[in-house]
Amino acid sequence: MKKMKKLVAALLAMVMMLAMTTTAFAAGKLTSNITVKGLTDGVETTLNAYQAVKYDEAKNEWDVAAWARRYIVLNEEKTAYTIENAEGLGKAAESQDAKYTGTAMGTEYVFENVEIGAYVILATDSKTTYTTMVANTYDKAAEYIAAKDETINAKASGSDLDKKAEEGDKFVGRGETVTFTITTTFPNFEVADSKDNTFRIVDKPTGLDITKVTSLTIGGEEFKDYTVAEVGDGTFVIDLTNAIGTTNENAGKTIVVKYEAVVTTDEGYSNTANAMKNDADYGTDTEEGYTADITITKYADDDNNDNLEDNKKLVGAKFKVHENDKDGKVLSFVKVSDGVYKLAMADEEGAVEEIEVAGEGDAKGTVKVTGLAEGTYFFEETKAPDGYSINEDGVTVTVEAKDDANVSATGHLIDTKLASLPGTGGIGTTIFTIGGCIIMIAAAAFYFLSRKKENN
């Protein structure tokens, strides 16, 4: 009997120990920390954590929130769960009240002492679009339900890419050098050290020839381990794959790229930059620039100045174009068509300083120069049309820049007919010359005949 009592006592003690152990294991640490990494640096990011699964301590099992039950499946014992549709879960969470809320200004944020369970985390900021994140704050390897700290990487589906020409470089002349700045955010990669990961900035210019990258920083620090390549149609590719690393150390950091390009167009440029994460669009922006053209019309002075359009348009006139005024630098141009010239680039083949008005068609009597920057231009007449005098006054035209459009300016110059003498010109000149010669010959003959008579 005594042995039986001892056995019963031992059994009761074991039961109590097991019960205490089970309770302690189940109750243990039931709060965790959730660390979110890879957020966009330097901007305010709002983070909301929605509790989709919580631990029912009384039943020692998981309890799925009603709004999340379409997307989460429990096992029969309710001791484990599986999230089947994270994106659907995220959309459902948007209409719920967040369990925890925080604000980050850097690349990382920590939700401290959150209840054990599963959380949908939604992040929003002014520059980046994040996908739904899910954090599981329990130890799946443990025999009993136990809390565990969780670290997740913010998954950006896209980021704002900002491309700007430096001040004063939006309205430019052909041949000018423009400096561009691209600003974007370095993405986060789910498997950072994967050989399939790539990150590139692709720039597709129209009317530009990109020449060089002048600086590149990530998180404010100079970065040099990149490559630059030019592919078809002048497309410029900056490969930043080497910056991914093995731990996503640059995720969320700001990338700033500065580079130069020469304007090759005479009708304004367009430039589109794309950030490409694993060949998928991660952000895009387009910058446009503009130029000016000036058309000068050559008129005859025929006393119809009150209505200049009624005056005769003259052909054959030639001009030189100076910067600012008559004493300014003479510009060079390349002929495009009859009466149309574009500003020449440095050492461009076919460049000339003297330009001529169109001789026929709708443009007859006009000369047009394109690809000009903002400024003042003086047109010096170097050759007048036949029968007209050069207008020594020339004509000055000023171009004022616009930030959103090309600019067309006009001017005109009136030439006066050369003065004419009676009986001159054409057949009159010929008759006058012949008559003069006859008189001179007759006078000479008379002189010699008179001398001959005297001698006799």
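The values are calculated or read from the model by the stated rules, or taken from the named source; none is laboratory data. No experiment lies behind these values; they were computed from the predicted model shown. We place every Cβ from the backbone using ideal geometry, glycine too, and count neighbours over all the protein chains shown.
Residue check: is Thr45 out of contact with any His (no Cβ under 7 Å at 6 or more places or on another chain), at pLDDT 90 or above, buried (at least 16 other Cβ atoms within 10 Å of the Cβ) and among the polar types (S, T, N, Q)?
Criteria met by Thr45.
Please tell me if Tyr226 is closer than 30 Å to Val340 by Cα, aromatic (Phe, Trp, Tyr) and not assigned by TED's automatic domain parsing to the domain that holds Glu44. Lay out the reasoning, then the answer.
Numbers: closer than 30 Å to Val340 by Cα: no; aromatic (Phe, Trp, Tyr): yes; not assigned by TED's automatic domain parsing to the domain that holds Glu44: yes.
No, not satisfied.
Inspect the range 126-136 for any residue being without any contact (Cβ under 8 Å) to a residue 12 or more places away in the chain and either part of a loop (DSSP other than H, G, I, E, B) or touching a Phe, Trp or Tyr at 6+ places or on another chain (Cβ under 7 Å) (or both) and give the result as yes or no. Break it down into steps so the answer makes sense when it comes.
Taking the range 126-136 first, the residues without any contact (Cβ under 8 Å) to a residue 12 or more places away in the chain are none.
So far as the range 126-136 goes, no, none of its residues is without any contact (Cβ under 8 Å) to a residue 12 or more places away in the chain and either part of a loop (DSSP other than H, G, I, E, B) or touching a Phe, Trp or Tyr at 6+ places or on another chain (Cβ under 7 Å) (or both).
Which residues, taken from the range 57-86, are among the hydrophobic types (A, V, I, L, M, F, W, C) and either outside the structural domain of Thr129 (by TED's automatic domain parsing) or part of a loop (DSSP other than H, G, I, E, B) (or both)? Before the answer, list the steps.
Taking the range 57-86 first, the residues among the hydrophobic types (A, V, I, L, M, F, W, C) are 58, 62, 64-68, 72-74, 80, 83, 86.
The answer is Ala58, Ala65, Ala80.
Which one of these is closer than 19 Å to Val407 by Cβ and not assigned by TED's automatic domain parsing to the domain that holds Thr184: Val330, Val340?
Val340
Could you grab me the full set of residues in the range 87-103 that are within 20 Å of Asn188 (Cα to Cα) and either at pLDDT below 95 or not assigned by TED's automatic domain parsing to the domain that holds Tyr50 (or both)?
Glu87, Gly90
I need a count of the residues in the range 376-404 that are within 20 Å of Val352 (Cα to Cα), hydrophobic (A, V, I, L, M, F, W, C) and assigned to a loop (DSSP other than H, G, I, E, B).
Total satisfying the criteria: 1.
Tell me, yes or no, whether the range 113-136 has at least one residue that is loosely packed, with under 15 Cβ neighbours inside 10 Å and of a type in the set (Asp, Glu).
No - not one qualifying residue is present in the range 113-136.
What tally of residues in the range 231-250 results from selecting those that are loosely packed, with under 12 Cβ neighbours inside 10 Å and free of Cβ contacts under 8 Å to residues at least 24 places away in the same chain?
2
Just checking, which of Val231, Val257, Val315 is modelled with pLDDT under 90 and at negative phi?
Val231
Run down Val321, Val352, Val357 and say which single residue is of a type outside the set (Lys, Arg) and out of contact with any Leu (no Cβ under 8 Å at 6 or more places or on another chain). Even if it seems obvious, please write down each step before you answer.
Details: Val321 fails: out of contact with any Leu (no Cβ under 8 Å at 6 or more places or on another chain); Val357 fails: out of contact with any Leu (no Cβ under 8 Å at 6 or more places or on another chain).
After applying the criteria, what remains is Val352.
Considering the range 29-56 alone, what residues qualify as being hydroxyl-bearing (Ser, Thr, Tyr) and part of a strand (DSSP E or B)? Show your work before the answer.
Kept after step one, since they are hydroxyl-bearing (Ser, Thr, Tyr), are these residues of the range 29-56: 31-32, 35, 40, 45-46, 50, 55.
Passing the criteria: Thr31, Ser32, Thr35, Thr45, Thr46, Tyr50, Tyr55.
For Glu309, state whether it is without any contact (Cβ under 8 Å) to a residue 40 or more places away in the chain and surrounded by fewer than 19 Cβ atoms within 10 Å (Cβ to Cβ). Before the answer, list the steps.
Values: without any contact (Cβ under 8 Å) to a residue 40 or more places away in the chain: yes; surrounded by fewer than 19 Cβ atoms within 10 Å (Cβ to Cβ): yes.
So Glu309 passes the test.
Which of the residues belonging to the range 348-363 are of a type in the set (Val, Ile, Thr) and either in a loop (DSSP other than H, G, I, E, B) or touching a residue at least 24 places away in the same chain (Cβ under 8 Å) (or both)?
Ile355, Val357
Which residue out of Thr183, Thr198 is under 19 Å from the mean Cα position of the chain (by Cα) and among the polar types (S, T, N, Q)?
Thr183
Of all residues being of a type in the set (A, V, I, L, M, F, W, C) and over 35 Å from the mean Cα position of the chain (by Cα) in the range 90-109, which is surrounded by the most Cβ atoms within 10 Å (Cβ to Cβ)? Just the residue, please.
It comes out as Ala93.
Going residue by residue through the range 266-277, is there one that turns out to be free of Cβ contacts under 8 Å to residues at least 12 places away in the same chain and either farther than 30 Å from Val340 by Cα or surrounded by 14 or more Cβ atoms within 10 Å (Cβ to Cβ) (or both)?
Within the range 266-277, not a single residue is free of Cβ contacts under 8 Å to residues at least 12 places away in the same chain and either farther than 30 Å from Val340 by Cα or surrounded by 14 or more Cβ atoms within 10 Å (Cβ to Cβ) (or both).
Just need a number here: residues in the range 378-415 that are aliphatic (A, V, I, L, M), surrounded by fewer than 17 Cβ atoms within 10 Å (Cβ to Cβ) and within 14 Å of Thr366 (Cα to Cα).
Count: 1.
Out of (1) under 16 Å from Val36 (Cβ atoms); (2) buried (at least 21 other Cβ atoms within 10 Å of the Cβ); (3) under 39 Å from the mean Cα position of the chain (by Cα), what's the single condition that is false for Ser157?
Here Ser157 meets the rest and fails (2).
What number goes with the only condition from (1) surrounded by 10 or more Cβ atoms within 10 Å (Cβ to Cβ); (2) at pLDDT 55 or above; (3) in a loop (DSSP other than H, G, I, E, B); (4) not polar (S, T, N, Q) that Gly423 does not pass?
Condition (2) is where Gly423 drops out.
Quickly run through the range 317-347 and pick out the residues that are surrounded by fewer than 16 Cβ atoms within 10 Å (Cβ to Cβ), among the aliphatic types (A, V, I, L, M) and without any contact (Cβ under 8 Å) to a residue 24 or more places away in the chain.
Val330
Any residue at all in the range 294-302 that is within 30 Å of the chain's Cα centre (by Cα) and farther than 30 Å from Phe186 by Cα?
There is at least one residue in the range 294-302 that is within 30 Å of the chain's Cα centre (by Cα) and farther than 30 Å from Phe186 by Cα.
Report, by residue number, each residue of the range 262-319 that is within 17 Å of Gly234 (Cβ to Cβ) and assigned to a strand (DSSP E or B). Lay out the reasoning, then the answer.
Taking the range 262-319 and keeping what is within 17 Å of Gly234 (Cβ to Cβ), we get 262-274, 286-289.
Within the range 262-319, Val262, Val263, Tyr269, Ser270, Asn271, Thr272, Ala273, Asn274, Thr286, Glu287, Glu288, Gly289 meet the criteria.
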